[in-house]
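Just so you know, all these numbers are worked out from the coordinates, no wet-lab data involved. All of these numbers come straight from a predicted model, not from anything done at the bench. Glycine gets a Cβ as well: all are built from the backbone with ideal geometry, and neighbour counts include every protein chain shown.
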Amino acid sequence: MKQFSADNAFTGLEAAIVLIAFVVVAAVFSYVLLGAGFYTTQTAQETVHSGVVQASSSLEIVGDIMAIAEGDNPTRASYINTSVALTAGSTSMDLTQMVISCSDSNGGRNPSIATNTDINSCEDVLINAVTVEDMRWCVSAKFNDLNPESPNNLLEPNEIWILSIGMPPSATLNTKGTINLQPSVGAVVPLSRTLPGAFTRVQAIH
């Protein structure tokens with residue numbers, strides 16, 4: 001009769017332990033891979049959602065940008081008028097959340113041009129700023145206004161609003177400058193223009 005030694009049984013036990021260890025390690029590894037996959041998927045979804053929000057909340061400039069120069073023999077631009085609208089497919093935008101900044105080749109800088117308490121009022125806005133701190137901006141006109149009887153701060157699809165933006169004291173002849181319109185959501189809209197060599201009361205700038 002064949003005898004089995006204790007070593008044979010011990011070897012079988014070792015194989016079972018190793019097999020169990022492999023199964024546990026594979027399960028943990030699978031869990032880690034699945035977790036990484038779920039995280040990657042969630043991040044991709046957030047990126048796509050953020051991109052959709054950005055793409056659906058954008059401004060565009062409509063028509064020319066006009067420089068207004070006050071006085072009989074003006075030597076500087078008092079303010080500019082620019083028409084803005086939403087890009088196709090965009091959702092309504094609260095312009096009180098927009099930050100407007102400016103800089104020019106004569107050293108004029110204003111990182112955040114203020115508005116009046118009421119964005120729809122241009123009182124004390126369309127004047128010559130003595131310092132950059134005096135600069136203001138407002139909505140001076142609305143076209144295709146969906147709520148003419150109850151003015152609000154929402155630029156809505158198909159509406160065109162004219163923004164009047166005060167210029168710094170350095171906005172003199174032949175000055176190169178940039179005004180940035182930064183909505184709360186969406187891309188910055190830069191307005192880079194050069195003021196003319198001579199001012200008239202109203203003129204387009206390029």
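Odds and ends about this structure:
- Under Karplus coefficients 6.51, -1.76 and 1.60, residue-wise ³J(HN,Hα) of the stretch 128-136 in Hz, glycine/proline x: 6, 6, 7, 10, 5, 5, 7, 5, 9
- Computed over the stretch 99-206, the P(r) curve from all C-alpha pair distances, binned at 10 Å from the origin, holds 14, 42, 34, 10, 0 percent per bin.
- Amide H to amide H, with H built 1.01 Å from N, T115 comes under 5 Å of W137, counting only residues 5 or more places away or on other chains.
- Burial order of peptide ranges 197-206, 109-118, 27-36 (average beta-carbon count within 10 Å, highest first): 109-118, 197-206, 27-36
- In order through the stretch 184-194: 3J(HN,Hα) via Karplus (6.51 cos²θ - 1.76 cosθ + 1.60), integer Hz, x for Gly, Pro: 5, 9, x, 7, 5, 10, x, 10, 9, 9, 10
- Residues with amide H under 5 Å from that of A187, placed H, sequence gap 5 or more: L59
- Cut-off under 5 Å, modelled amide H: who pairs with S78 long-range: I68, A69, E70
- In sequence order, calculated HN-Hα J values of the stretch 82-89 (Karplus, 6.51, -1.76, 1.60; Hz; x Gly/Pro): 9, 8, 10, 8, 7, 5, 4, x
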